[in-house]
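**Student:** Here it is: the structure, laid out below.
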Amino acid sequence: MLLPNDVKIPAILMAAGMSTRMGRNKLLLPFNGHTVIAETCDRLLASHVSEVIVVLGNDHDKVLNQVADKGVQMVLNPNFARGMMTSLQTGISYLPENTRFFMVALGDQPLVSVGTYNALIGATAYTSRKIFVPVYGRQRGNPIILSADYIQEIMGMDGDIGGREILRRYPGDIQEVATTNEGVIINMNTPEEYARRKAEFDKKMGL
């Protein structure tokens with residue numbers, strides 16, 4: 001998809017979580033020859049995002065080592081244990097001043113395709129909607145793109161709610177973007193889910 005020259009959308013990559021259900025940091029688990037966070041970051045960087053801001057927290061030194069050579073901006077959220085909203089707020093505080101839209105991507109989604117990232121970015125150029133969400137089948141997933149118009153409201157929020165609270169508050173602002181990429185609804189939160197998805201990916205890739 002061809003984009004207007006003024007479509008510049010930075011991405012906040014959330015990589016600070018506790019991985020409570022996994023029992024260990026899922027971002028550091030092996031995937032496609034490196035790690036979950038490295039694969040996710042590589043795919044995001046291969047898209048049309050203008051820059052990537054990685055928000056670190058849990059195991060920040062180990063996660064940092066996985067992305068340090070990728071040309072991303074790395075920021076630390078010292079309050080990551082208080083929930084996802086603190087990481088989103090940390091990332092937002094590092095957005096460029098002229099930001100019109102920004103993407104919120106999750107570090108544990110290595111199966112989101114470059115094409116899906118680009119489809120979401122492209123959708124912002126052709127509608128007046130302010131929220132862009134990928135849809136696989138009938139299920140909404142991640143990443144999402146939000147208008148900078150919501151920044152002040154997000155910065156005043158509290159709790160472990162993330163950007164999804166904006167979707168709940170402003171359903172009329174949402175533009176759904178259909179995708180055949182199941183990766184938008186896959187979160188590898190448990191050892192069983194990780195093992196299954198990794199095995200499926202390895203088989204598909206002949207690994």
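**Student:** Out of Leu27, Leu64, Leu13, which single residue is in a helix (DSSP H, G or I), under 16 Å from Ser87 (Cα atoms), in contact with a Gly (Cβ under 8 Å, 6 or more places away or on another chain) and not acidic (Asp, Glu)?
**Tutor:** Step by step, each of Leu27, Leu64, Leu13 is checked, and only Leu27 is in a helix (DSSP H, G or I), under 16 Å from Ser87 (Cα atoms), in contact with a Gly (Cβ under 8 Å, 6 or more places away or on another chain) and not acidic (Asp, Glu).
**Student:** I would also like to ask the following. Can you name the residue in region 34-68 that is acidic (Asp, Glu) and within 15 Å of the chain's Cα centre (by Cα) and is also nearest to Leu88 (Cα to Cα) among such residues?
**Tutor:** Glu51
**Student:** Now for a separate question. Taking Gly163, is it among the small types (Gly, Ala, Ser), touching a strand residue (DSSP E or B) at 6+ places or on another chain (Cβ under 7 Å) and crowded, with 18+ Cβ neighbours inside 10 Å?
**Tutor:** yes
**Student:** Any chance you could count how many residues in region 11-52 are buried (at least 16 other Cβ atoms within 10 Å of the Cβ), among the small types (Gly, Ala, Ser) and farther than 18 Å from Glu192 by Cβ?
**Tutor:** Count: 6.
**Student:** Would a scan of region 150-158 turn up a residue that is among the hydroxyl-bearing types (Ser, Thr, Tyr), within 30 Å of Gly33 (Cα to Cα), surrounded by 12 or more Cβ atoms within 10 Å (Cβ to Cβ) and touching a strand residue (DSSP E or B) at 6+ places or on another chain (Cβ under 9 Å)?
**Tutor:** no
**Student:** Given (1) in a loop (DSSP other than H, G, I, E, B); (2) at pLDDT 95 or above, identify the lone condition not met by Asn98.
**Tutor:** Among (1) in a loop (DSSP other than H, G, I, E, B); (2) at pLDDT 95 or above, the lone unmet condition for Asn98 is (2).
**Student:** Among the residues of region 105-147 satisfying the criterion of being aromatic (Phe, Trp, Tyr) and buried (at least 23 other Cβ atoms within 10 Å of the Cβ), which is farthest from Val63 (Cα to Cα)?
**Tutor:** Phe132
**Student:** What helices (runs of 4 or more DSSP H), lying completely within region 106-207, carry at least 2 residues that are under 23 Å from Met22 (Cβ atoms) and touching a residue at least 40 places away in the same chain (Cβ under 8 Å)?
**Tutor:** The qualifying helices (runs of 4 or more DSSP H) are 191-205.
**Student:** Here is a list of conditions, (1) aliphatic (A, V, I, L, M); (2) out of contact with any His (no Cβ under 8 Å at 6 or more places or on another chain); (3) more than 19 Å from His48 (Cβ to Cβ), and Leu120 meets all of them except one; can you say which number that is?
**Tutor:** (3)
**Student:** Can I ask one more? How many residues are without any contact (Cβ under 8 Å) to a residue 40 or more places away in the chain, out of contact with any helix residue (DSSP H, G or I) (no Cβ under 7 Å at 6 or more places or on another chain) and closer than 26 Å to Lys8 by Cβ when one looks only at region 21-70?
**Tutor:** Qualifying residue count for the region: 5.
The values are calculated or read from the model by the stated rules, or taken from the named source; none is laboratory data. Being a predicted model, the structure only gives us computed values, none of them experimental. Here Cβ is always computed from backbone atoms with ideal geometry, including for glycine, and neighbour counts include all displayed protein chains.
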